[in-house]
Amino acid sequence: MNNSETVLLLNSLFVPNVGGVENSLRSIAEEFKKRGKRVILVCSDRNYINDNVLLKREKLLDLEVYRYHYPSSRFGFFLQLFYCIRILIIIKKTNTGKIKVISRNAITTVCAVYAGFRGVDFIPPQVSLYKDAKISTFISPRGFIKYLFEVFSQFLSFCVSGRVLVFSEVMQSQVKAATFGIRSPLLVSPGVNLNRFKILPSEDVLRLRQSLGLPGKASISLALGRFSEVKRFDLAIKAFSHLDENHVLLLVGEGPERRRYEEIIRDFSLTDRVYIFPATEEPEFFYSVSDQFLMTSRYESFGQVLLEATASGLPIVALPPRERRMTAVSSLYNGYPNLILYTNSESPTDVASGIKMCSSRHKDENFLLDRDKFIVKFSWSRLVDEIAEN
């Protein structure tokens with residue numbers, strides 16, 4: 001390996017697994033490469049999208065990707081620690097130049113420190129103490145034990161990392177509380193790739209809708225993310241039982257809740273108006289064909305999808321702000337009232353009403369003015385600058 005500076009990005013998952021964290025790593029990597037840095041990405045070999053066996057090492061999206069083995073056996077979770085540390089030690093020993101380490105996962109953060117890296121920047125996707133407590137406590141003893149272990153491992157990663165970087169004030173306060181004030185995280189600005197997430201001409205939108213088999217003139221709502229209980233996409237589906245046939249819902253993602261979503265769609269006779277697409281490496285196409293974005297999550301520490309939706313010209317339909325709802329939605333859109341519409345309650349009927357009220361807002365002049373002011377604040381270049389300077 002050469003002696004130039006290397007940026008080492010760490011996460012438990014990467015492509016073909018896609019989501020807000022994976023997309024952020026892709027954009028951060030692109031920004032570092034523009035600056036002439038060598039970028040190596042380390043992740044596990046878990047594939048939750050299809051049955052393909054992922055390579056241990058490959059060139060992917062112009063990145064050097066190393067994958068550590070994460071066995072599916074009973075003790076796979078603990079074995080992954082050994083394999084992750086082993087790869088990181090090899091990378092450290094064979095690279096004689098300066099290495100900047102940025103991790104987006106608690107386990108990879110702890111492994112990097114154990115492997116001998118110092119000054120690891122940890123950018124947590126959420127604070128586990130707040131994310132899973134509600135569902136994990138009551139589902140099963142196994143779920144509760146898993147929750148406790150996740151909380152502990154993240155607490156450990158907060159303590160051993162060089163810096164903890166967060167994208168929102170909500171998350172900043174959560175990290176402080178979760179570490180009993182031991183860590184005071186640094187608030188940094190996230191980014192959005194405006195070359196990918198942008199407003200397309202109407203003729204391009206129509207062409208994209210046709211290629212996806214979607215109705216050209218319908219009002220399309222988008223819910224994009226992992227199909228998990230915390231996202232509450234079941235609420236979005238039920239809302240469409242209170243809307244007419246001119247309203248269509250796109251669900252884009254994968255996860256354990258998919259079968260339940262399909263059952264709800266059948267029970268409410270919505271098979272012709274709710275379209276499910278698998279997780280994608282090109283979410284920008286689904287933003288482009290939609291008219292509004294649905295934020296129904298019970299927990300969202302920041303929400304990269306919100307930036308992507310707003311950059312793509314979609315107004316946000318969100319549940320009413322509540323102290324018990326751990327999201328950064330209201331603080332993110334503070335001062336930009338034309339970009340978001342809060343429903344009156346969490347009921348499907350009120351979500352449906354919000355969708356109807358929002359269905360033409362993306363064409364409103366005030367919305368477009370607020371959108372232009374909003375996206376100026378967020379760029380991956382700015383984030384990389386903040387990481388490098390602090």
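The values are calculated or read from the model by the stated rules, or taken from the named source; none is laboratory data. Fair warning: this is a prediction, and the values are worked out from it, not measured in the lab. Note: ideal-geometry Cβ built from the backbone for every residue, glycine included; neighbour counts use all protein chains shown. What goes into the accessible areas is simple: the full protein's heavy atoms, side chains included, and nothing from ligands, DNA or RNA. Shrake-Rupley method; radii C 1.70, N 1.55, O 1.52, S 1.80 Å.
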*With r as the distance between the Cβ atoms of SER4 and GLU346 and R0 = 51 Å, compute the FRET efficiency 1/(1 + (r/R0)^6) and round to 0.05.*
0.45
*asked:* For a quick check: with amide H placed at 1.01 Å from N, whose amide H comes under 5 Å from ALA279's, ignoring anything fewer than 5 positions away on the same chain?
replied: GLY253, GLU254
_Placed amide H near TYR68: partners under 5 Å, 5+ positions off or other chain_ = CYS43, SER44, ASP45
*Cβ-defined net charge surrounding LEU200, 13 Å radius [Lys, Arg +1; Asp, Glu -1]*: 0
*Indicate the gyration tensor shape class of the stretch 36-176 (rounded, prolate or oblate), computed on the Cα atoms with a ≥ b ≥ c the square roots of the eigenvalues: a/c under 1.5 is rounded; otherwise a/b larger than b/c is prolate and the rest oblate.*
oblate
*Just ARG26, ARG57, ARG46 to compare: in a GNM of the chain, with alpha carbon springs under 10 Å, which one fluctuates most?*
ARG57
_Give me the net charge for the shell around PHE77: Cβ to Cβ below 13 angstrom, other residues only, Lys and Arg +1, Asp and Glu -1._
+3
*For the stretch 193-266, give the magnitude of the charge dipole about the Cα centre (Cβ charges: +1 Lys/Arg, -1 Asp/Glu; no others), in debye to the nearest 20.*
200 debye
_From the gyration tensor of the Cα coordinates in the stretch 148-209, what semi-axes in whole Å does the equivalent ellipsoid have, largest first, with each one equal to sqrt(5λ)?_
39, 13, 10
*Compute the Cα gyration tensor for the chain, then decide on rounded, prolate or oblate, letting a ≥ b ≥ c be the square roots of its eigenvalues: rounded whenever a/c is under 1.5, prolate when a/b is larger than b/c in the other cases, and oblate in all that remain.*
prolate
_Leaving out ligands and nucleic acids, and using a 1.4 Å probe, what accessible area per residue does the chain come to in Å²?_
46 Å²
_What does the C-alpha gyration tensor say about the overall shape of the stretch 1-45? Classify as rounded when a/c is under 1.5, otherwise prolate if a/b is larger than b/c, or oblate._
oblate
*Dipole of the chain, positive end: most advanced residue of SER27, GLY303, SER347 [Cβ charges, Cα centre]*: SER27
*Calculated FRET efficiency, LYS33 and LYS146, Cβ-Cβ r, R0 30 Å, to nearest 0.05?*
0.25
_With every protein chain in place, the chain: carbon and sulfur % of accessible area (1.4 Å)_ = 53 percent
_Phi to ³J(HN,Hα) by Karplus 6.51 cos²θ - 1.76 cosθ + 1.60 over the stretch 42-51, Hz, x for Gly, Pro_ = 10, 8, 7, 8, 5, 10, 9, 9, 8, 8
*Restricting attention to the chain, give the cysteines that have no other cysteine Cβ less than 4.7 angstrom from their Cβ.*
CYS43, CYS159, CYS358
*So, by mean Cβ neighbours within 10 angstrom, what's the order for 217-225, 258-266 with the highest one leading?*
217-225, 258-266
_Peptide ranges 234-240, 154-160 listed from the most packed, as the mean C-beta count within 10 angstrom indicates_ = 234-240, 154-160
*Using 0.36 nm per residue, how much length does the chain from ARG57 to GLU365 gain when fully extended, once their Cα-Cα distance is taken away?*
106.0 nm
*Mind checking which helices in the chain clear 20 Å along their axis (Cα) and have mean Kyte-Doolittle hydropathy of -1.0 or more, DSSP H runs only?*
20-34, 76-94, 141-160
*Quick one: net charge around LYS356, please, counting Lys, Arg +1 and Asp, Glu -1 for every other residue with C-beta under 14 Å from its C-beta.*
-3
*Given the options PHE75, PHE367, PHE117, which has the most mean-square fluctuation in a GNM of the chain, springs set between C-alpha atoms less than 10 angstrom apart?*
PHE75
*What are the aspartates and glutamates whose alpha-carbon lies under 13 Å from the alpha-carbon of LYS98, with same-chain residues fewer than 8 places away excluded?*
GLU5
*asked:* At 222 nm, what value in deg cm²/dmol follows for the chain if DSSP H runs of at least 4 each add -39500 (n - 2.57) and the sum is divided by all its residues, to the nearest 500?
replied: -12000 deg cm²/dmol
*Among GLU365, GLU64, GLU346: highest mean-square fluctuation, GNM of the chain, C-alpha pairs under 10 Å*: GLU365
